[in-house]
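Trainee: Take a look at this one; I'll ask things after.
The values are calculated or read from the model by the stated rules, or taken from the named source; none is laboratory data. Quick caveat, the model's predicted, so the values are computed rather than measured. Every residue, glycine as well, gets a Cβ built from its backbone with ideal geometry; the counts of neighbours run over all protein chains shown. The accessibility values were calculated without ligands, DNA or RNA, using every heavy atom of the protein model including side chains. Shrake-Rupley method; radii C 1.70, N 1.55, O 1.52, S 1.80 Å.
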Number of protein chains: 2
Amino acid sequence: MLIVIALGGNAIQSSDRRGVEDQWRAVSNAMASVSEVIAEGHSVVLTHGNGPQVGFLLEAFDSLPMTEPRPTLDLAVAMTQGWIGFMMAHALERELTKRGVRKRAVVVPTRVIVNSDDPQGWKPTKPIGRSYTREEAEVLSKRMGWIFKEDPRGGYRRVVPSPMPVKILEVDTISALLQGGFVPIAAGGGGIPLARSNGELRPVEAVVDKDLASSLLAVELRADKFVVLTDVGGVAINYKRLGETWLRRASTKELRKLYEEGQFPPGSMGPKVLSCIKFVEATGKECAIGHLEDAYRVIKGEAGTTIGE
Amino acid sequence: MLIVIALGGNAIQSSDRRGVEDQWRAVSNAMASVSEVIAEGHSVVLTHGNGPQVGFLLEAFDSLPMTEPRPTLDLAVAMTQGWIGFMMAHALERELTKRGVRKRAVVVPTRVIVNSDDPQGWKPTKPIGRSYTREEAEVLSKRMGWIFKEDPRGGYRRVVPSPMPVKILEVDTISALLQGGFVPIAAGGGGIPLARSNGELRPVEAVVDKDLASSLLAVELRADKFVVLTDVGGVAINYKRLGETWLRRASTKELRKLYEEGQFPPGSMGPKVLSCIKFVEATGKECAIGHLEDAYRVIKGEAGTTIGE
């Protein structure tokens, strides 16, 4: 069975900044779970988020003198793909070796074409990087063309668009590597976004949701299952409210209704549920959402929420 | 013919800091040269340096408050592989398309096992990052375990070992991708160095010379030719001195003698010449060193220096 597994940011580090040793520990734990699935004989493609890491890089660039040229956001995403991908590949091979599995992990830095015609997705809504004073925001807005929005917690934050992914450029590469028996690690941070303009594909300063990009990749690879691993136990109605109910199984029809009722918050469970719905609708196969530590049982449908037609 | 082409740092940017637009321009020029070689029907593996880029990242991390945890050097190398690899892949595909060639470039973040038994290679000799005051150096030495050396130009710089590469972990991946018709971009910055300790491979804070790593990769891939492209026209005796003589052809025996006489400086032409000698001695095939802009002619032996048995 070919399984695409999307790992949340918690697979690498929590949102509070931590040292390199802590990162290795978190990655190793996550890869231990994943390696059990591979040891069962499944083909696996791993994808991952990059929120805390891209935030760290942007903060470091911001600490440089204001006159210094800064890498654009697409380049920062490419950096996190190299960084996190290396840690995952290295830790995964170690965990596989422990379990007697001789397989090589391969990092596939991934580009993704986004929908440049959708005005909704092209609105700058996604805050990135740190909070600035009004004066700093004005300077950066002039110098770099950045767009800022007032942060409810004070100050101003840069906002970028979060357009829909429509095609993963590295699908053929990933297929070739799967055929060769490798474990590809791809679509990191949702991929490096490219938009078509004047007949050419150009990198854009935007953020692609990593679950939506992973779902697209799973569809394009004709995966048998799409699994989203995160830091909660599955999908719940009235999450953390009166009448909280965890779903063990749900149909896309039920979930779409709950999604439209606003049950799942935008930056969190929302895109996970939407990316599962998209995968199931496109393939007729099942999707599962659950806790990273239960990876093995979530994939078997023994934990988390399984979503089918 | 399978050709491994190593690109110098000048393929991406000169040592004076430049903006993202300049980087794209430099990469596009370099990839235009390379695409002509691919358009001729050759299989190509590209490798690249990362000196200015890793320097930039270290400087950005250094601008963060001293209490902030910093990524280790191996992680910074992994970041530059993602960053530079993405730019090269994207620019190369555009140049290939212009020439009517439909081939996909693939970034292969690469790990390299270094010789951990060689005491010479394990001495911290390679300066990285910026210059520090004595006080800063003392703090960082205590907190991070970094080793510092006085900089002849003033201040103190961190020094790391530059051990010999002995095995490229991603050779099978790169072979599989070549067979699939892809153009792999690999061994960026000499690769992420790993050393064996207690039976495990662990990342180490060291710098692998990118020409030596590229030569090793060319040997392991059984390449038909190894080409080092840089910002000078080839190998010269008495370079920039009285009696300067450019070599059009040389044998490994002649070159080894000149190398041992100290004709080629350590951080510059030295490792390029040594990596060529190693490739020719291991394979019996030819190596060429020349200017990036002459790529096409250097590979044909019409420019630069060709080194044979």
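Trainee: Nothing charged except the Cβ atoms of Lys and Arg (+1) and of Asp and Glu (-1): what's the magnitude of the dipole of the stretch A:213-260 about its Cα centre? Round to the nearest 20 debye. Working shown, then result.
Mentor: On the way: 9 positive and 6 negative charges, 40 e Å.
It comes to approximately 200 debye.
Trainee: I've got another one for you. When Cβ neighbours within 10 Å are restricted to other protein chains, what is their mean count per residue of peptide B:80-92? Provide the component values of the computation, followed by the final result.
Mentor: Numbers: counts 4, 9, 16, 12, 4, 5, 12, 4, 0, 6, 9, 0, 0.
The per-residue average across the peptide is 6.
Trainee: Moving on to the next point. Over chain B, what is the relative contact order in whole percent, taking alpha-carbon pairs under 8 Å and six or more residues apart?
Mentor: With pairs under 8 Å counted, the relative contact order is 21 percent.
Trainee: At a cut-off of 20 Å², which residues of the stretch B:104-130 become less accessible once all protein chains are present than in their chain alone, using a 1.4 Å probe?
Mentor: Going by heavy-atom accessible area, the residues of the stretch B:104-130 that drop by at least 20 Å² are B:Arg104, B:Val106, B:Val107, B:Pro109, B:Arg111.
Trainee: Counting Lys and Arg as +1 and Asp and Glu as -1, what is the net charge of the other residues whose Cβ lies under 11 Å from the Cβ of A:Ile307?
Mentor: Net local charge, A:Ile307 excluded: +4.
Trainee: Any idea what diffusion coefficient the protein assembly as shown gets from Stokes-Einstein, in µm²/s, Kirkwood Rh on alpha carbon pairs, 10 °C, 1.306 mPa s? Numbers along the way, then the final one.
Mentor: Numbers: Rh = 25.3 Å.
This corresponds to a translational diffusion coefficient of 63 µm²/s.
Trainee: What order do you get for B:62-75, B:163-176, B:44-57 when each peptide is scored by the mean count of other beta carbon atoms within 10 Å, highest first?
Mentor: B:44-57, B:163-176, B:62-75
Trainee: Let me ask you something else. Let me know the mean shielding of A:241-251 by other chains, meaning the per-residue number of their Cβ atoms within 10 Å of its Cβ.
Mentor: The shielding value for this peptide is 0.
Trainee: For the stretch A:156-221, what is the accessible area per residue in Å² when the probe is 1.4 Å?
Mentor: Per-residue value: 30 Å².
Trainee: Below 10 angstrom from the Cβ of A:Gly129, what's the summed charge of the other residues (Lys, Arg +1; Asp, Glu -1)?
Mentor: Residues near A:Gly129 contribute +1 overall.
Trainee: Okay, moving on. At 222 nm, what value in deg cm²/dmol follows for chain A if DSSP H runs of at least 4 each add -39500 (n - 2.57) and the sum is divided by all its residues, to the nearest 500?
Mentor: It comes out at -12500 deg cm²/dmol, rounded to the nearest 500.
Trainee: For the modelled label position 7 Å from the Cα of A:Lys142 along Cα-to-Cβ, which residues of the stretch A:47-77 have backbone nitrogen atoms closer than 15 Å?
Mentor: A:66-67
Trainee: Another one. So which trypsin sites (Lys or Arg not before Pro) in the stretch B:240-309 pass both tests, a DSSP loop state and at most 15 other Cβ atoms within 10 Å of the Cβ?
Mentor: B:Lys240, B:Arg241, B:Arg248
Trainee: Is there a quick way to get the dipole size of the stretch A:172-267? I mean about its Cα centre, with the Cβ of Lys and Arg at +1 and of Asp and Glu at -1; what is the value in debye to the nearest 20? Please list the in-between numbers first.
Mentor: On the way: 12 positive and 12 negative charges, 67 e Å.
The calculation lands at about 320 debye.
Trainee: How large, in percent, is the carbon and sulfur part of the accessible surface of chain A at a probe radius of 1.4 Å?
Mentor: Carbon with sulfur: 48 percent of the solvent-accessible area.
Trainee: Here's something else I'd like to know. If you take the accessible area of A alone, add that of B alone, and subtract the area of the pair, what total do you get in Å², probe 1.4 Å, to the nearest 100?
Mentor: Protein heavy atoms only, the A-B interface buries about 3900 Å².
Trainee: Restrict the search to the stretch A:227-281; then list the GluC sites (Glu not before Pro) that DSSP places in a loop and that have at most 13 other Cβ atoms within 10 Å of their Cβ.
Mentor: Within the stretch A:227-281, the qualifying GluC sites (Glu not before Pro) (loop, at most 13 other Cβ atoms within 10 Å) are A:Glu244, A:Glu261.
Trainee: Next up: Suppose accessible area is computed on protein heavy atoms with a 1.4 Å probe; arrange A:Tyr156, A:Tyr132 from highest to lowest.
Mentor: A:Tyr156, A:Tyr132
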